[in-house]
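This report refers to the structure that appears directly beneath it.
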Amino acid sequence: MTLAPLLAAPVMVQAHAYAALAALALGLVQLARPKGGAGHRLLGRAWVALMAGVAASSFAITGVGGPGHWSWIHLLSGWTLLMLSLGVIAARSGRIAAHRNCMLALFFGALVITGAFTLLPGRIMGAVVFGG
């Protein structure tokens, strides 16, 4: 494992990756902690801010579909911003099951599954974890 590929990447890619890693770690903490209460809300706000940062920063990362072009993966960023909004609205309106479903879908879909794809050969995080 070496951070060299990530440290050599453009600043926006680094910011995107660090925010995603922080959101993953905070999300795991949030899943393990009791739900509701001030602590849950505080960590939840931080997680939503991190996830919004991950999604927003992705729009500055192009090239997969050609230099300067967004790819299909940017649809996930739009979906993430939408689901974050719906999840927060659900929590504030007392629809806890809807809130839980939105946030779990984001955690597993936008972080865990998508994060696993960043480990593929030829990707920066793949090089960080597996070398090469």
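Could you pull out the longest piece of the chain with no exposed loop chymotrypsin sites (Phe, Trp or Tyr not before Pro) in it, calling a site exposed if DSSP puts it outside H, G, I, E, B and it has at most 15 other Cβ atoms within 10 Å?
Answer - 73-132.
For Lys35 and Leu3, FRET efficiency with R0 = 30 Å and r from the beta-carbon atoms, rounded to 0.05? If you can, show how the numbers build up before the last one.
Details: r = 34 Å, r/R0 = 1.14.
My answer for the efficiency is 0.30.
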Within 10 Å, count the other beta carbons around each residue, average over each peptide in 81-91, 34-44, 3-13, and list them highest first. 81-91, 3-13, 34-44
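How high is the FRET efficiency from Ile96 to Ala46, r the C-beta distance, R0 22 Å, rounded to 0.05?
Details: r = 19 Å, r/R0 = 0.88.
About 0.70, to the nearest 0.05.
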Matching label for the computed Rg and Dmax of the Cα atoms in Å, out of (i) 17.2, 57; (ii) 14.1, 44; (iii) 15.6, 48, is (iii)
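Over the chain, what percent of the accessible surface lies on carbon and sulfur atoms, probe 1.4 Å? Kindly include the intermediate steps, with their values, before the conclusion.
On the way: 5800 of 7790 Å².
That fraction is 75 percent.
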The range 23-132 accessible area per residue, 1.4 Å probe, protein heavy atoms, integer Å², reads 59
The chain: angle of helix 73-92 to the longest principal axis, Cα-based, in degrees nearest 10: 20
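The values are calculated or read from the model by the stated rules, or taken from the named source; none is laboratory data. What you see is a predicted model; the values in this text were computed from it and never measured. Note: ideal-geometry Cβ built from the backbone for every residue, glycine included; neighbour counts use all protein chains shown. Accessible surface areas use protein heavy atoms only, side chains included; no ligands, DNA or RNA. Shrake-Rupley method; radii C 1.70, N 1.55, O 1.52, S 1.80 Å.
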